[in-house]
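The next block holds one structure in the form of structure tokens; read it before the comments.
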Amino acid sequence: MGKVVIMDHPLIRHKIGFIRRKDTGTKEFRETISEIAMLICYEATRDLKLQQVEIETPICHTTVEELSGKKLAVIPILRAGLGMVDGMLNLIPAAKVGHIGLYRDPETSMPVEYYCKIPADCAEREIFVVDPMLATGGSAAAAVTMLKERGCKHIHFLCIIAAPKGIEVMQAAHPDVDLFVGALDEKLNDHNYIVPGLGDAGDRIFGTK
Ligand code: PRP
Ligand code: URA
């Protein structure tokens, strides 16, 4: 079973508290989502492999470590996942970026696919799928299925807020995928929104409501 890592860093907890507030405006919301994404990225990349290389410092010859092996890709689930991309790229600037378009049908809460464009060599890459919200888990599970159908093998999922249901659904559908979660909330409401949550992440990032 993939691991579920719930963030406990005080900076992440503070920043998530700030974006939950209904009076946090679009600019601050967007900036803070990006900062939280960067902090979660730091944790989610903890197991990346290193290799030793010989270099010259201005003083002498020495051995240093650098990232080895697989290259990286960040794949946001549109729309709200876009808000996490800059924060991720701040830490892993050479990563390629793919996009998966999915929205939740407002009546059924089922994910509807509308777009998929990912790096051609994604099978060789370590993939970081990002979406601020893991609610029923339908969107995240569908996104990972789309990636696996296209050959992706090493997939991690990063979100800012998760409901227990979303984690359960992801673990059942994709037990090989590690989950990195900013905060684990209590439950879903009757409309499948996360409680206490932060509302509609896409609308709050893009100011559409
Ligand atoms: C939100 C969110 C996730 C999804 C989570 O997107 O960004 O993608 O809902 O819900 P789930 O776990 O129940 O599938 P939404 O469908 O609102 O689309 P948007 O980002 O385009 O607004
Ligand atoms: N999508 C959101 O943006 N928020 C939720 O609480 C659930 C799904």
Show me the helices (runs of 4 or more DSSP H) entirely contained within the range 100-209 in which 1 or more residues are in contact with a strand residue (DSSP E or B) (Cβ under 6 Å, 6 or more places away or on another chain), within 11 Å of ligand 2 (Cβ to nearest atom) and within 27 Å of Lys71 (Cα to Cα). 138-149
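Identify, please: which residue in the range 1-23 is outside any helix (DSSP H, G or I) and without any contact (Cβ under 8 Å) to a residue 12 or more places away in the chain and is, among those, most open to solvent (accessible area, probe 1.4 Å)?
Only one residue fits best here, namely Arg21.
To keep it simple, each residue is scored yes or no on (1) touching a helix residue (DSSP H, G or I) at 6+ places or on another chain (Cβ under 6 Å); (2) more than 15 Å from Arg79 (Cα to Cα).
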| site | (1), (2) |
| --- | --- |
| Ile100 | yes, no |
| Arg104 | no, no |
| Glu107 | no, yes |
| Tyr114 | no, no |
| Gly137 | yes, yes |
| Ala162 | no, yes |
Looking only at the range 63-97, count every residue that is surrounded by fewer than 21 Cβ atoms within 10 Å (Cβ to Cβ), within 20 Å of Ile160 (Cβ to Cβ) and not aliphatic (A, V, I, L, M) and tell me the total. 3
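Here's the yes/no breakdown for (1) polar (S, T, N, Q); (2) under 26 Å from Lys15 (Cα atoms); (3) modelled with pLDDT of 95 or more; (4) out of contact with any His (no Cβ under 8 Å at 6 or more places or on another chain):
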| site | (1), (2), (3), (4) |
| --- | --- |
| Cys116 | no, no, yes, no |
| Glu124 | no, no, no, yes |
| Ala142 | no, no, yes, yes |
| His156 | no, yes, yes, yes |
| Gly166 | no, yes, yes, yes |
| Ala172 | no, no, yes, yes |
Considering only the range 110-164, state which residues are over 14 Å from Gly98 (Cβ atoms) and of a type in the set (Gly, Ala, Ser). Ala135, Gly137, Gly138, Ser139, Ala140, Ala141, Ala142, Ala162, Ala163
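The values are calculated or read from the model by the stated rules, or taken from the named source; none is laboratory data. Because the structure is predicted, anything quoted here is derived from the model rather than measured. Note that each Cβ is placed from the backbone with ideal geometry, even for glycine, and that neighbours are counted across all protein chains shown. Just so you know, the surface numbers come from the protein's heavy atoms only, side chains and all, with ligands and any DNA or RNA stripped out. Shrake-Rupley method; radii C 1.70, N 1.55, O 1.52, S 1.80 Å.
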